[in-house]
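For reference, the structure is listed below as structure tokens.
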Amino acid sequence: MLSTDELEDRLIDLAFAEDIGDGDHTTLCCIPDDAYGKSHLLIKEDGVLAGVEVAQKVFHRFDPSMQVEVLMADGSKVRVGDIAMIVSGKVRSLLQTERLMLNIMQRMSGIATMTNRYVERLAGTKTKVLDTRKTTPGMRMLEKQAVKIGGGVNHRIGLFDMILLKDNHVDFAGGITNAIDRCRHYLQEKGLELKIEIEVRNFSELQQVLDHGGVDRIMLDNFTVTDTKRAVELIAGRFETESSGGITYDTIRDYAEQGVDFISVGALTHSVKGLDMSFKAC
């Protein structure tokens, strides 16, 4: 399996190939190779900054001679008019790295900002905000980094680092007990130590899990706030609990106040707006 650094390097290389192709002819035709300059990253919207470390990798992977002065680190609360970094180097390099750096930082900062809003909404409760696998193909590692920078928690990176028995798994396996038993047999056979979570859609399925056991966490899918309270009382600390399905910024605290351990929010990554910023000569 590729490491985080290797995945980031592949993403950056692919993004440059996609953007530059056989050459940035606009830059090459009007900027001399020996021209040097500086550009600064200007924040144009309040939020939480994310992607600074990745941006440095973008610059250095394209041109190791580029110099980056970081003025604001990942996780910083930023306001309109802040300067987050100053980059010095060949003007050609500044121009050819600008869009990729902005695409990554605007996306990551938007996710971190959104996540932080949800985290602050739950202040004073024990509930943690989780992300999901509803991410941009190829950018999952960066988007999940952004969730952590914003104060959230990664649910799982992919299909390989946790077992999540969802409704379709349960239905295709022939029911709750079959799904759990096959899962535990598989993990034992493969010598794997992975947490097991199972999704339940109603109180009948919840009771089956409570009677059978064999899992670490129960996901309450599309339960109402009132039903969530009842479910948490039935589970009574025997398993971790997670609420999921249709929970919004306006309703998330109502669910948290019922005592669930986690709430997963797909909106952190699947429909977030990028944080506005620009990269200008200085």
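The values are calculated or read from the model by the stated rules, or taken from the named source; none is laboratory data. The structure displayed is predicted, hence computed values, not measured ones. Using ideal geometry, Cβ is built from the backbone for each residue, glycine included, and neighbour counts are taken over all protein chains shown. Heads up: the accessible areas ignore ligands, DNA and RNA and are worked out on the full protein's heavy atoms, side chains in. Shrake-Rupley method; radii C 1.70, N 1.55, O 1.52, S 1.80 Å.
Specify whether the C-alpha gyration tensor of the stretch 70-154 places it in the rounded, prolate or oblate class, a ≥ b ≥ c being the square roots of the eigenvalues: rounded for a/c under 1.5, otherwise prolate if a/b is larger than b/c and oblate if not.
Because a/c hits 1.5 or more and a/b fails to exceed b/c, the stretch 70-154 counts as oblate.
Just to confirm the number: angle between the C-alpha axis of helix 176-190 and the first principal axis of the chain, 0 to 90 degrees, nearest 10?
Taking Cα atoms only, the helix is inclined about 60 degrees.
Students often get this wrong: which residues of the stretch 252-268 have the backbone nitrogen under 12 Å from the point 7 angstrom along Cα-to-C-beta of Lys134?
The answer is 264-268, whose backbone nitrogens lie closer than 12 Å to the label point.
Looking at the chain, what % of its DSSP beta bridges pair antiparallel, to the nearest 5?
DSSP beta bridges in the chain are roughly 50 percent antiparallel.
Restricting attention to the stretch 1-91, which trypsin sites (Lys or Arg not before Pro) occupy a DSSP loop and are surrounded by at most 16 other Cβ atoms within 10 Å?
Those satisfying the criteria are Lys44, Arg79.
Provide Rg and Dmax in Å for the chain, with only Cα atoms included in the calculation.
22.7, 73
Using a 1.4 angstrom probe on the protein heavy atoms only, line up Phe203, Phe279 by accessible area, largest first.
Descending accessible area places them as Phe203, Phe279.
Considering only Tyr118, Tyr249, Tyr186, give the residue with the highest GNM mean-square fluctuation for the chain, with springs between Cα atoms whenever their separation is below 10 Å.
Per the Cα network of the chain with a 10 Å cutoff, Tyr186 tops the list.
With r as the distance between the Cβ atoms of Arg99 and Cys29 and R0 = 22 Å, compute the FRET efficiency 1/(1 + (r/R0)^6) and round to 0.05.
Efficiency for this residue pair is about 0.80.
Would you calculate the separation in nanometres between label points at Thr224 and Ser65, each defined as 7 Å from the Cα along the Cα-to-beta-carbon direction?
Result: 6.8 nm between the two label points.
Show Ile235, Ile157 ordered by accessible area, largest first, where the area counts protein heavy atoms only and the probe is 1.4 Å.
Result of the area sort, largest leading: Ile157, Ile235.
Using the Cα atoms of the stretch 83-128 to build a convex hull, what is its mean projected area in square nanometres?
It is 4.4 nm².
Hey, got a sec? Which trypsin sites (Lys or Arg not before Pro) in the stretch 220-259 land in a DSSP loop and have at most 12 other Cβ atoms within 10 Å?
Counting only loop positions with at most 12 other Cβ atoms within 10 Å, the trypsin sites (Lys or Arg not before Pro) in the stretch 220-259 are Arg238.
In degrees, nearest 10, range 0 to 90: what is the angle between the Cα axis of helix 52-62 and the longest Cα principal axis of the chain?
50
Over the Cα atoms of the stretch 142-282, what is the Rg over Rh ratio if Rh follows Kirkwood?
Over the Cα atoms of the stretch 142-282, Rg/Rh equals 1.05.
Past 24 Å, Cα to Cα, is the threshold; run Lys38/Lys273; Lys144/Lys195; Lys148/Lys273 against it and keep the listed order.
Pairs exceeding the cut-off: Lys38/Lys273.
Give me the one-decimal nm value for the distance between modelled label points at Leu7 and Lys38, 7 Å along each residue's Cα-to-Cβ direction.
Going from the Leu7 label point to the Lys38 one covers 3.6 nm.
What is the sum of charges, Lys and Arg at +1 and Asp and Glu at -1, for the other residues whose Cβ falls under 14 Å from the Cβ of Thr248?
Result for the local shell: +1.
Once the piece of chain linking Asp276 and Lys190 is laid out straight, how much longer is it, given 0.36 nm per residue of separation minus the C-alpha distance between them?
26.3 nm
If you average 1/r over all unlike Cα pairs in the stretch 243-282 and invert the result, what Kirkwood radius do you get in angstrom?
Computed over the stretch 243-282, the radius equals 12.6 Å.
Below 10 angstrom from the Cβ of Asp46, what's the summed charge of the other residues (Lys, Arg +1; Asp, Glu -1)?
Once all neighbours under 10 Å are counted, the net charge is 0.
Tell me which residues come under 5 Å, amide H to amide H, from Met277 once H is placed; ignore anything under 5 positions away on its chain.
So Met277 has HN proximity to Lys44.
Could you tell me which trypsin sites (Lys or Arg not before Pro) in the stretch 135-228 are loop residues by DSSP with no more than 16 other beta carbons within 10 angstrom of their beta carbon?
Lys166, Lys195, Arg201
Answer rounded, prolate or oblate for the stretch 1-57, using the Cα gyration tensor with square roots of eigenvalues a ≥ b ≥ c: rounded when a/c is under 1.5, else prolate when a/b is larger than b/c, else oblate.
Since a/c reaches 1.5 but b/c is at least a/b, the shape of the stretch 1-57 is classed as oblate.
After finding the eigenvalues of the alpha carbon gyration tensor for the stretch 208-252, what semi-axes result from the square roots of 5 times each, listed largest first in whole Å?
21, 11, 8
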